[in-house]
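The values are calculated or read from the model by the stated rules, or taken from the named source; none is laboratory data. In this text, all values refer to a predicted model and were calculated from it rather than measured experimentally. A quick note on method: Cβ atoms are made from the backbone with ideal geometry, for glycine too, and the neighbour counts reach across all protein chains shown. Heavy atoms of the whole protein, side chains included, go into the accessibility calculation; ligands, DNA and RNA do not. Shrake-Rupley method; radii C 1.70, N 1.55, O 1.52, S 1.80 Å.
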Amino acid sequence: MGDLSQESLPDLTGKVVIVTGGHTGLGFGTSIELAKHGARVYIASRSAAKFKSAERDITFECPEADVRFLALNLADLNSVREAAKCFATQETSLHLLVNNAGVMCLPYEETEEGFEMQIGVNFIGHFLLTKLLLPMLQMTAEKSVKGSVRIVNVSSDGHAKLAPEEGIIFSDMNMKDNFSVWARYGHSKLANVLHSKELAKRYPDILALSLHPGTVKTSTLTALRNLSAGPISSTPLYRLIKPIVELGAPGPRKGAANILFAAASPKLKLESDSGAYLLPIGKVSAPSKTGSDARMAEDLWEWTVKALISRGYE
Ligand SMILES: NC(=O)c1ccc[n+]([C@@H]2O[C@H](COP(=O)([O-])OP(=O)(O)OC[C@H]3O[C@@H](n4cnc5c(N)ncnc54)[C@H](OP(=O)(O)O)[C@@H]3O)[C@@H](O)[C@H]2O)c1
């Protein structure tokens, strides 16, 4: 690959990482490079078969890679809880959590616990996973080099372009009526930005980041179960626009560069960069006005904790 982030990726031997949705798309591009640099990579995925296929591809390129399966369905909070429990039976350290998995512009449907699918998978499932893993991340941070223990939330510039102007809609988090699938996607990605911001405030020993990976060709026009499937089914015109949107865009291996930079670049510092939003590659940038709103970040944290408690998840 030979781009900026690859060259700046340090040796990760001895590091334990989790990448959600790490078997495909940007998650795969991230997992394979982290594994090639020596990390033990847990690919958190709802499909053991897809993990196996990714594992084959990774070990074909890097026979010594240490990649492992962690069963996780972000649309089912019980599965999220089980994933965190299962991880804790296998490891005592966690150096990096990459919250990458995502869905985009799905027609309205709800998760097991009644959250709209995009906010449920992209944000709430990841919020619970992060919350349950935070004690281990914190312990790891206390015995690690400053700034090396990280949480990376993969957001999108859609947090600025697509989310409602007023930001998080606390009175109507599911946005069932009166909002487009695109607005719901932007809303969930705004929540990812605010999540990192609040993590940085509450956990000063952990470097928390959010980012836009760039426009990345992670799927083909005919693919049914990837990020593009939602926009194509909800917005038929998107099938025609997609090739234009993706013109010149990199594939998932090259496209993972900004995630990899956030995950491991020594150029990012705990004191100055925690809570930051990165544009490709590695550019600390201002998120949208609502994405910069500290009060909104705090309110979202509190709203989410309450919503989880009310469903039996602490
Ligand atoms: N590609 C872009 O241009 C672009 C631009 C901006 C932001 N992003 C963000 O980048 C991230 C990765 O996107 P991508 O382009 O790599 O998409 P992708 O190829 O469609 O990959 C999405 C991943 O999320 C997983 N996932 C979906 N629902 C899940 C659930 N309920 N539980 C667990 N995993 C689930 C998928 O697993 P399955 O295979 O089981 O469905 C898949 O591994 C997303 O957060 C997206 O919003 C992408």
Worksheet item: What fraction of the Cα pairs in the chain, stated in percent, has a spacing above 36 angstrom?
Response: 9 percent
Discussion item. Ignoring ligands, DNA and RNA, please state the percent of accessible area on the chain from carbon and sulfur, probe 1.4 Å.
Written reply: 55 percent
Worksheet item: Taking a point 7 angstrom from the Cα of Lys146 along the C-beta vector, which residues in region 258-287 have backbone N less than 12 Å away?
Response: 269-273
Practice prompt. Would you calculate, for the chain, the mean residue ellipticity at 222 nm contributed by helices, counting each DSSP H stretch of 4 or more residues as -39,500 (n - 2.57) and dividing by all residues, to the nearest 500?
Written response: -12500 deg cm²/dmol
Worksheet entry | Percentage relative contact order, region 4-309, counting C-alpha pairs under 8 Å, at least six apart | 21 percent
Worksheet entry | Selection from Asn73, Ser148, Leu129 lying farthest towards where the dipole of region 1-148 points positive, charges on Cβ | Ser148
Worksheet entry | Per residue accessible area of region 4-309, 1.4 Å probe, in Å² | 41 Å²
Worksheet item: When the distances between all Cα atoms of region 115-273 are binned every 10 Å from zero, what whole-number percent does each bin get?
Response: 10, 34, 34, 18, 4, 0
Response to the item:
For the pair Ser285 and Ala71, the simple spin-label estimate (label points 7 Å beyond Cα toward Cβ) gives in nm 4.0 nm
Discussion item. Could you tell me which residue out of Thr24, Ser45, Val305 lies farthest along the dipole of the chain toward its positive end? Charges go on the beta carbon: Lys and Arg +1, Asp and Glu -1, centred on the Cα centre.
Written reply: Thr24
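Can you tell me how much longer the chain between Glu110 and Arg202 gets when fully stretched, taken as 0.36 nm per residue apart minus their C-alpha distance, in nm with one decimal? Could you put the intermediate results ahead of the total?
On the way: separation 92, 0.36 × 92 = 33.12 nm, distance 2.96 nm.
Result: 30.2 nm gained on full extension.
Kindly provide the trypsin sites (Lys or Arg not before Pro) of region 244-301 that DSSP labels as loop, not H, G, I, E or B, and whose Cβ sees at most 14 other Cβ atoms within 10 Å. Walk me through the intermediate numbers first.
Numbers: sites: Arg253, Lys254, Lys267, Lys269, Lys283, Lys289, Arg295; in loops: Lys267, Lys269, Lys289.
Hits after loop and neighbour filter: Lys267, Lys269, Lys289.
If R0 is 25 Å, what FRET efficiency do you get for Asp172 and Ile241 from their C-beta distance, rounded to 0.05? Show your work: numbers first, answer last.
Details: r = 28 Å, r/R0 = 1.14.
Approximately 0.30, to the nearest 0.05.
Placing unit charges on C-beta atoms (Lys and Arg positive, Asp and Glu negative, everything else neutral), compute the dipole magnitude of the chain about its Cα centre in debye, rounded to 20. Mind dumping the intermediate values first?
On the way: 34 positive and 33 negative charges, 96 e Å.
Its charge dipole is roughly 460 debye.
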Worksheet entry | Among 242-248, 54-60, 276-282, 136-142, the order from most to least packed when residues are scored by Cβ within 10 Å on average | 276-282, 136-142, 54-60, 242-248
Worksheet item: To the nearest 0.05, how large is the calculated FRET efficiency for Cys62 and Ser93 if R₀ is 25 Å and r is the Cβ-Cβ distance?
Response: 0.70
Item to complete: Take the chain, connect every pair of alpha-carbon atoms lying under 10 Å apart with a spring to form a Gaussian network, then pick out the residue of Thr89, Thr235, Thr111 with the largest mean-square fluctuation.
Response: Thr89
